[in-house]
Amino acid sequence: MRPSLFALALLLPAPALAGGFGLIATGGLHSDRVYYYVPNETTGELEQAPPINQIGPNFGGGLELVLGDRDDKIMGVFRGYYLMDTAQVATEEMKDPSYAYNLRTVPRDIGMVTGGLQWGLVGDPTGLQLVLTTTIGSGFLTSDFTEFLTAELGVGATYTVARHVQLHAEVSGGLRYRKRFYHTENLTLGVRYLFD
């Protein structure tokens, strides 16, 4: 084999012999901001006031890919899913008719992609196991053009009910970043088919 072909062969990835795929459902809460404008006392023109922080629900579901042998304590986790942030709601502060509010009155549809690692902490990977999950990703496609970066840290459990079927659940907290940080808390449930 010529040296250049040999070097190319070393750079090509080996075929994946262990891993899996699955379905996930997620729901939780996220922080959001409502911007509003108040009239200036002297000119009467509207000026931006400090924004109102709100907590709103979100939920969604999608697909998951897993890399690693089912006996391993550390596995790669990649998720692609749909997420919906519910509409913002009017509050007591919004009763003044002289104020103008930039309130999002419809849900925000989000295409999410995340990737990270699932770390086995305690227990048997082929039975019941306590896990730590770390992911980073992006809300890369939004209905209102407010794409963001995200990072989450979660604790949960996996339970292998059959040789190729695993259930998992995790509770996570994290951050979204778009011009500033917003917090998020989520519960994720899923089922995986492991083909190793």
To the nearest 500 deg cm²/dmol, what mean residue ellipticity at 222 nm is calculated for the chain from DSSP H runs of n ≥ 4 alone, each contributing -39,500 (n - 2.57), summed and divided by the residues?
-1500 deg cm²/dmol
At q = 0.11, 0.20, 0.22, 0.25 Å⁻¹, what log₁₀ I(q)/I(0) does segment 51-113 have when each alpha carbon counts as one equal point scatterer in the Debye sum?
-0.47, -0.85, -0.93, -1.05
What is the list of residues in segment 157-174 whose amide nitrogen lies under 11 Å from a point 7 angstrom out from the Cα of VAL122, following Cα to Cβ?
none
How much of the accessible area of the chain, probe 1.4 Å, is carbon plus sulfur, in whole percent?
68 percent
Whole number in Å², please: accessible area per residue of segment 127-175, 1.4 Å probe, ligands, DNA and RNA not counted.
49 Å²
What nm distance separates the two modelled labels at VAL113 and VAL155, each placed 7 Å from Cα along Cα→Cβ?
3.2 nm
For a quick check of your reading of the filter: which trypsin sites (Lys or Arg not before Pro) in segment 138-196 sit in a DSSP loop and have no more than 10 other Cβ atoms within 10 Å?
ARG163, LYS179, ARG180
Any idea what the relative contact order of the chain is, in percent, if you count C-alpha pairs under 8 Å spaced at least 6 apart?
21 percent
Taking the chain as a Gaussian network, where each spring joins two C-alpha atoms under 10 Å apart, which residue of THR43, THR146, THR114 fluctuates the most?
THR43
Model label zone, THR134; criterion: amide N under 16 Å from point 7 Å along Cα-to-beta-carbon; scope segment 66-99
73-78
Between TYR82 and ASP196, what is the FRET efficiency for a Förster distance of 25 Å, r being their Cβ-Cβ separation, to the nearest 0.05?
0.35
Once phi is turned into ³J(HN,Hα) by the Karplus curve 6.51 cos²θ - 1.76 cosθ + 1.60 with θ = phi - 60°, what whole-Hz value does each residue of segment 69-78 show in order, with x for glycine and proline?
6, 5, 7, 7, 7, 10, 9, x, 10, 10
Suppose we keep just the alpha-carbon trace of the chain; what are its Rg and Dmax in angstrom?
22.3, 83
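The values are calculated or read from the model by the stated rules, or taken from the named source; none is laboratory data. Keep in mind that what you see is a predicted model, and the values were worked out from it rather than measured. Counting neighbours? That spans all protein chains shown, and the Cβs are built from the backbone with ideal geometry, glycine included. Surface areas here come from the heavy atoms of the whole protein model, side chains and all, with no ligands, DNA or RNA. Shrake-Rupley method; radii C 1.70, N 1.55, O 1.52, S 1.80 Å.
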